[in-house]
């Protein structure tokens, strides 16, 4: 069951775009649907209504129906975005979305991962994929509402939604502190002694508490954070494998590739090839939706 706010939400289309420096998006407006754009990499100048904004990763842009918008200029060598178009028919949902700023910066990268899941669902088209897409986008919008209004945006949702959005808030405070520490220091070679000094508990106790909440050890969690960061860099940058290995804390490409394949199932080069295979490709979640393209190149 969907949250009462977005019970009539329909995800229409999603795509990833890699813009080149001389590309732009003509100013246009959508009559009947919203568009949400997540900037994954790079920067640009956009126009929304009568205003212009310089935006960069990880800005989120939310264009309501009838609002003229476009990309006037790509400022970076590469601009990577995830774009989703969706409709909401009920007034409570539209009123709720009106409280989300047109230009905002998310608190974390969770919206990007949720959009990627919607895109993957659109490619695979397994049974119930449209419901999964609507559910994911509903949660994303609820998250943005909570961030920007300070309200408990999940109060109208069901128990599953509350669990998905808030599960980390139910962790032991020690677990939450360890997670924050590991996410900040994921590129470092950490030892049990370091964690004992940092948190003033024995590593045995630290592992017991952390394992109860996450079903893994702190060291395994750190590896997962590293590989997740590697996936971002593989997907949204043009860094070479050696550079990525260094950035996330591996001493060699061989070690990085071995750990990546063990966790993901593919070597990093092959994973990058797969992740970028459908770039600039329309993924119509609603089979009846026809997307209009407004991308063009600057005249020289």
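Would the range 195-210 turn up any residue that is buried (at least 18 other Cβ atoms within 10 Å of the Cβ), within 23 Å of the chain's Cα centre (by Cα) and either under 29 Å from residue 268 (Cβ atoms) or not assigned by TED's automatic domain parsing to the domain that holds residue 77 (or both)? No, that holds for no residue. Evaluate the range 85-98: report whether one residue or more is exposed (fewer than 14 other Cβ atoms within 10 Å of the Cβ) and part of a strand (DSSP E or B). No, the conditions are met nowhere in the range 85-98.
Of the numbered criteria (1) in contact with a strand residue (DSSP E or B) (Cβ under 9 Å, 6 or more places away or on another chain); (2) not in a loop (DSSP other than H, G, I, E, B), the one residue 221 fails is (1).
Go through the range 178-191 and give me each residue that's without any contact (Cβ under 8 Å) to a residue 40 or more places away in the chain and either touching a strand residue (DSSP E or B) at 6+ places or on another chain (Cβ under 6 Å) or surrounded by fewer than 15 Cβ atoms within 10 Å (Cβ to Cβ) (or both). Break it down into steps so the answer makes sense when it comes.
First, pick out the residues of the range 178-191 that are without any contact (Cβ under 8 Å) to a residue 40 or more places away in the chain: 180-181, 184-185, 190-191.
Once the filter is applied, which keeps residues that are without any contact (Cβ under 8 Å) to a residue 40 or more places away in the chain and either touching a strand residue (DSSP E or B) at 6+ places or on another chain (Cβ under 6 Å) or surrounded by fewer than 15 Cβ atoms within 10 Å (Cβ to Cβ) (or both), the range 178-191 yields 180, 184, 191.
With respect to residue 80, is the statement that it is in contact (Cβ under 8 Å) with a residue 60 or more places away in the chain and closer than 14 Å to residue 39 by Cβ true? Spelling it out, residue 80 is indeed in contact (Cβ under 8 Å) with a residue 60 or more places away in the chain and closer than 14 Å to residue 39 by Cβ. Only a single item in (1) in a loop (DSSP other than H, G, I, E, B); (2) touching a helix residue (DSSP H, G or I) at 6+ places or on another chain (Cβ under 8 Å); (3) surrounded by fewer than 16 Cβ atoms within 10 Å (Cβ to Cβ) is not met by residue 286, and it is number (3).
The values are calculated or read from the model by the stated rules, or taken from the named source; none is laboratory data. Note that the structure is a prediction, hence the values are computed from the model and not measured. Every residue, glycine among them, receives a Cβ derived from its backbone with ideal geometry; neighbour counts consider all protein chains shown.
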